[in-house]
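The structure under discussion appears below in the form of structure tokens.
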Amino acid sequence: MVRSGGGGRSPLGGAPIGGPEAVRAQASTRWSGRWRTGDWIAVARCQLLSLAALAAWAVGALVVLAILLLPIGVGFALLPSSAAALRRLTDRHRAWAARWSGVRISPPAPLPGEGLTRRRRAVALLGDEGFWRDFGWAWLEPWTGGLLVAVPLALVEYGVFGALVQPFIWRRIDDGNWCAFVPVHSTATMLAALLLGIAFVAAGLRLAPVVLRLHARLGGRTLSAPRATELVRRIEELTDTRAETLDTQAAELRRIERDLHDGAQARLVALGLTLDQATRLLDTDPQAARELLAEVRATSGRALQDLRELVHGIHPPVLADRGLGDAVRSLALDSFLDVVVAVELPERLPAPVESAGYFAVAELLANAGKHADAREVAIRLEHDPAHGALRITVTDDGHGGADPARGSGLRGIERRLSAFDGTLALHSPPGGPTTATLEIPCASSSPKTSSCSGTG
């Protein structure tokens with residue numbers, strides 16, 4: 001069964017899957033409770049980053065000490081271990097930036113010197129650009145990132161003091177009691193301090209997520225891998241993707257050839273032989289000839305059906321005629337699962353992008369029914385204008401435990417998406433539910449750079 005549009009919630013209890021109005025209506029009822037929790041978490045993360053800034057300064061000082069001790073030989077033993085500690089700290093910050101703010105910072109190449117003596121390893125570190133980037137970040141972080149995350153912390157902590165402490169201490173302090181710019185010496189000024197403290201807390205809470213994003217972007221300028229390293233990685237990635245794409249295309253051609261040989265071609269050969277036999281019987285046994293011609297008609301129908309199924313596997317007609325949304329709805333109608341489809345695409349996407357998304361959804365639907373023992377599936381298709389990408393989310397209520405390393409289907413999806421620099425994010429804990437999020441960048445009309453703003 002398939003349900004589409006119309007608002008409401010996912011049968012799996014997830015996000016609302018109806019139209020934009022339904023999504024906004026349901027989100028508004030939960031907004032006030034959720035933003036407070038998220039903002040308090042952001043404040044706690046700012047506190048953690050402020051402490052980590054002190055750790056960065058301490059590790060940076062250790063690296064400086066190791067460099068200063070190089071002339072007497074002690075630094076050769078100290079520098080590799082201090083550089084490794086610094087790299088662990090910077091890797092942690094890269095992970096925090098990606099997890100907390102969605103800012104992906106490309107890591108530099110691994111530290112040099114594996115298998116070398118301490119002296120040679122220290123010399124190699126001194127010539128490594130990634131090491132010096134880490135070192136520069138360690139000295140900048142306390143003065144830039146540390147001060148930045150201190151702003152919401154100061155607002156919240158000072159606001160808590162004004163709101164929760166001032167009402168109880170102002171009578172005991174005769175003179176010099178201030179809350180920010182408010183001298184607290186009476187009930188009226190105490191109430192003003194209380195309101196000011198609440199305002200400070202609210203400002204700090206709302207500012208904390210913004211500061212986290214700014215901190216991640218600021219750290220990315222220093223911690224990102226050198227441009228030469230990124231170019232080398234990009235070349236390697238494109239080489240691997242090209243090889244995988246060529247292998248996939250070759251395998252697809254072999255499948256088409258095999259299906260034609262074993263299906264339509266075999267039926268057409270049998271059809272020709274039957275026609276030849278019927279021709280010979282026309283004069284001597286017309287009845288038998290008519291029976292053979294009826295068999296020819298049935299064989300031609302089966303051959304036509306084989307060709308239609310083959311064409312459907314290459315590029316479904318509904319995808320070419322109606323677009324990705326209707327093509328996915330068609331998949332849902334053909335599925336024995338209870339499938340809910342929500343489509344929020346502003347217009348037709350380029351054909352390569354639609355094809356990649358369609359076959360990925362088809363594989364995920366097949367996996368949900370075959371391997372996950374799911375009963376309900378929710379599919380959402382949307383265009384993310386901020387990142388210029390097609391995003392597809394498929395959630396099922398199966399038993400979970402899906403792993404791309406153990407299945408060729410998920411690996412096939414990753415290979416298909418890699419031709420567009422697309423990604424597959426899979427969350428499938430044991431017991432379920434399983435959520436697969438696909439993102440396909442859209443920047444021009446061809447793979448690798450296909451435009452989501454075109455008409456397809």
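The values are calculated or read from the model by the stated rules, or taken from the named source; none is laboratory data. Please read all numbers here as calculations on a predicted model, not as lab measurements. Here Cβ is always computed from backbone atoms with ideal geometry, including for glycine, and neighbour counts include all displayed protein chains. Note: accessible area is taken over every heavy atom of the protein model, side chains too, but ligands, DNA and RNA are not part of it. Shrake-Rupley method; radii C 1.70, N 1.55, O 1.52, S 1.80 Å.
Does segment 362-383 hold any residues that are out of contact with any strand residue (DSSP E or B) (no Cβ under 6 Å at 6 or more places or on another chain) and either assigned to a helix (DSSP H, G or I) or buried (at least 21 other Cβ atoms within 10 Å of the Cβ) (or both), and which are they?
Ala362, Glu363, Leu365, Ala366, Asn367, Gly369, Lys370
What are the pairs, 6+ residues apart or on separate chains, where a residue within segment 96-108 that is touching a residue at least 24 places away in the same chain (Cβ under 8 Å) has its Cβ under 6 Å from a residue that is hydroxyl-bearing (Ser, Thr, Tyr) and outside any helix (DSSP H, G or I)?
Ile105/Ser224; Ser106/Ser224
Residue check, Ala294 against (1) modelled with pLDDT of 80 or more; (2) surrounded by 14 or more Cβ atoms within 10 Å (Cβ to Cβ); (3) more than 48 Å from the chain's Cα centre (by Cα), all met but one. Which one?
The number of the failed condition is (2).
Quick check on segment 193-215: of everything there that is crowded, with 21+ Cβ neighbours inside 10 Å and not aliphatic (A, V, I, L, M), which residue is nearest to the chain's Cα centre (by Cα)?
Here the answer is His215.
Residues are listed down the side, and each one gets a yes or a no for (1) among the hydrophobic types (A, V, I, L, M, F, W, C); (2) over 23 Å from Ala225 (Cα atoms):
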| site | (1), (2) |
| --- | --- |
| Val43 | yes, yes |
| Ser101 | no, no |
| Pro107 | no, no |
| Glu114 | no, no |
| Leu125 | yes, no |
| Gly130 | no, no |
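Restricting attention to segment 81-102, does a residue exist that is more than 30 Å from Leu214 (Cβ to Cβ), surrounded by fewer than 18 Cβ atoms within 10 Å (Cβ to Cβ) and touching a helix residue (DSSP H, G or I) at 6+ places or on another chain (Cβ under 6 Å)?
no
Which ones in segment 332-361 are open to solvent by 30 Å² or more (accessible area, probe 1.4 Å), closer than 14 Å to Val394 by Cα and assigned to a helix (DSSP H, G or I)?
Of everything in segment 332-361, just one residue is open to solvent by 30 Å² or more (accessible area, probe 1.4 Å), closer than 14 Å to Val394 by Cα and assigned to a helix (DSSP H, G or I), namely Phe359.
If you take the residues of segment 116-134 that are in contact with a helix residue (DSSP H, G or I) (Cβ under 9 Å, 6 or more places away or on another chain), part of a loop (DSSP other than H, G, I, E, B) and not hydrophobic (A, V, I, L, M, F, W, C), which of them is surrounded by the most Cβ atoms within 10 Å (Cβ to Cβ)?
Per the stated criteria, the residue is Asp128.
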